[in-house]
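Q: I am attaching a structure below and will ask some questions about it afterwards.
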Amino acid sequence: MRRAYLFLRSGIIWIVSLLHFAVGTLLLLLVALFVDPRKSDPLQRLFARNIMRLAGVRLRVSRAPGFDPSRTSIFVTNHVNIFDPFVLYSAIPQFVRGWELESHFKIPIYGWLMKRFGNVPVPDQKGAGGLRRLVQRTREALDNGTSLIVFAEGRRTLDGRVKPFQPGIFRMLRDLEYPLVPVSIVGSFEFNHKGSYLLRPSTVVVHLHDTIETKGLSDHEREALCDRVQQIVSAPVDAALGLPPKPETSDASRVSRANAD
């Protein structure tokens, strides 16, 4: 009986949400033709929050004392479901965009909106030329004061846990020498996950962790940074899943102790 209720509820929510998404996207596109996206940012945030409200999600944001909202930064986060961009856009208190597959820019209306809003195209096919374009476009966005959201796992989770970050992606982010902000999305897997149609009533908590500087790091600290950020992101997720804390890697432990000193 409970499952039948969830199927019915989810079906209604999907229909209402898709209608809201279609109408909202068209309106935002019309606004974007005449108004700079930075000036219409409050309207975009309202659109994102309404998507989550319609889906039955209560959103909470937890900011660490060392999080600096005034800095143009790269927000490195776990990837749970297709609602993640709307969750993050509702939670991050600054002008922020994200990486988006180049093929998505070809989708009518949605693709036009992503291009107009300044999302960064990510090549669908790996290659040296595509990587150079991605680095250039990412740096241009950051240099123009646009913070970026990056899913460093490269794919959505299948079990709720945070997977290891792709080293190539993380080296690129690190070498840009912009501040990194680890972000943990907690509770979203219970709401919806890959391969499931159901949308369960949930509370999603977004943890904005301390801002991490990437300039002036020693070679040892640079090599340990990927594991360090992955552990920060995964800690609240594992705790919510009832999993024991992961032991720190020796490199990450030394970096943490060095920073504490």
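The values are calculated or read from the model by the stated rules, or taken from the named source; none is laboratory data. The model shown is predicted, which means the values in this text are computed figures rather than measured ones. Neighbour counts are summed over all protein chains in view; Cβ atoms, including those assigned to glycine, are modelled from backbone coordinates with ideal geometry. Accessible surface areas use protein heavy atoms only, side chains included; no ligands, DNA or RNA. Shrake-Rupley method; radii C 1.70, N 1.55, O 1.52, S 1.80 Å.
Q: From the residues in segment 23-44 that are in contact (Cβ under 8 Å) with a residue 24 or more places away in the chain, aliphatic (A, V, I, L, M) and open to solvent by less than 50 Å² (accessible area, probe 1.4 Å), which one is nearest to Thr203 (Cα to Cα)?
A: Among those residues, the one meeting the criterion is Leu28.
Q: Within segment 108-128, which residues are more than 17 Å from Ile169 (Cβ to Cβ) and open to solvent by less than 70 Å² (accessible area, probe 1.4 Å)?
A: Of everything in segment 108-128, those that are more than 17 Å from Ile169 (Cβ to Cβ) and open to solvent by less than 70 Å² (accessible area, probe 1.4 Å) turn out to be Ile109, Tyr110, Gly111, Leu113, Met114, Phe117, Gly118.
Q: Looking only at helices (runs of 4 or more DSSP H) that lie completely in segment 72-172, which have at least 3 residues being under 24 Å from Asn192 (Cα atoms) and at pLDDT 85 or above?
A: Counting at least 3 such residues, we get 84-91.
Q: Among the residues that make up segment 196-205, is at least one of them assigned to a helix (DSSP H, G or I), buried (at least 17 other Cβ atoms within 10 Å of the Cβ), modelled with pLDDT of 90 or more and not charged (D, E, K, R)?
A: Looking for residues that are assigned to a helix (DSSP H, G or I), buried (at least 17 other Cβ atoms within 10 Å of the Cβ), modelled with pLDDT of 90 or more and not charged (D, E, K, R), one finds none in segment 196-205, hence no.
Q: Going by the conditions given, is Phe47 surrounded by 15 or more Cβ atoms within 10 Å (Cβ to Cβ), assigned to a helix (DSSP H, G or I) and under 21 Å from the mean Cα position of the chain (by Cα)?
A: Yes; evaluated as a whole, the condition is true for this residue.
Q: Could you give every pair whose Cβ atoms fall below 7 Å, whose first residue belongs to segment 63-87 and is under 15 Å from His207 (Cβ atoms) and open to solvent by less than 10 Å² (accessible area, probe 1.4 Å), and whose second residue is part of a loop (DSSP other than H, G, I, E, B) and charged (D, E, K, R), counting only separations of at least 6 or pairs across chains?
A: Asn78/Glu153; Val80/Arg156
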